[in-house]
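The values are calculated or read from the model by the stated rules, or taken from the named source; none is laboratory data. The structure presented is a predicted model; accordingly, all values stated were derived computationally and were not measured. Every residue, glycine among them, receives a Cβ derived from its backbone with ideal geometry; neighbour counts consider all protein chains shown.
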Amino acid sequence: MSELDSLYQELILDHSKRPVGKGEFEAPEGSLSASHHEFNPSCGDEITLSVAVDPTTGAIERLNWDGQGCSISMASASLLSQLVKEDSLTADGARERIDAFREMIHGRGATEPDDELLGDAVALQGVAKFVMRVKCAMLAWVALEADLTQIDSARGTGS
Ligand code: ZN
């Protein structure tokens with residue numbers, strides 16, 4: 001195992017032990033919120049991810065999740081929460097990150113992930129080699145995507 005791999009493993013373990021964003025969700029007044037539950041039957045992971053968006057600016061005001069599952073799925077939800085928080089993402093910004101993450105996870109190492117877009121979430125790039133774990137890694141990101149689609153149609157900008 002390379003030094004980078006073990007560094008990544010540590011990061012994943014750390015996030016699965018002390019997850020960011022895990023906890024109860026309360027939408028701020030005046031925000032648009034959505035909640036989505038995702039289940040991964042091949043591993044048993046489940047996540048409910050809730051998000052609140054400012055209807056005028058599109059800024060993500062709050063994101064919380066709860067769930068249970070393998071360390072990959074839990075670490076991934078935590079890394080996603082950290083990314084949204086640290087970069088103060090808007091709904092559109094988050095969508096861009098979701099696309100980049102999906103490309104990394106489904107790319108099987110074919111492309112170098114963009115750490116400016118993905119931050120610490122690049123730690124999950126090793127997952128791309130294990131087809132069985134792809135769903136684990138994608139779970140929270142897919143849930144956020146579903147939330148944002150729901151909010152979009154509420155904002156009237158839905159595609
Ligand atoms: Zn899993």
task: Output the number of residues of region 131-159 satisfying the condition of being over 17 Å from D54 (Cα atoms) and touching a helix residue (DSSP H, G or I) at 6+ places or on another chain (Cβ under 9 Å).
output: 12
statement: Subset of region 62-71, residues under 16 Å from Q9 (Cβ atoms) and touching a Leu at 6+ places or on another chain (Cβ under 7 Å), comes to S71
- line: Per the list (1) within 16 Å of the ligand (Cβ to nearest atom); (2) assigned to a loop (DSSP other than H, G, I, E, B); (3) among the β-branched types (V, I, T), residue check on T111 breaks on (1)
message: On the basis of being assigned to a helix (DSSP H, G or I), closer than 26 Å to E3 by Cβ, more than 16 Å from the ligand (Cβ to nearest atom) and modelled with pLDDT under 95, does V122 make the cut?
response: yes
- request: Spot the failing condition for L11; the list is (1) within 20 Å of M138 (Cα to Cα); (2) of a type in the set (A, V, I, L, M, F, W, C); (3) more than 16 Å from the ligand (Cβ to nearest atom); (4) in contact with a strand residue (DSSP E or B) (Cβ under 9 Å, 6 or more places away or on another chain), and only one is missed.
  value: (4)
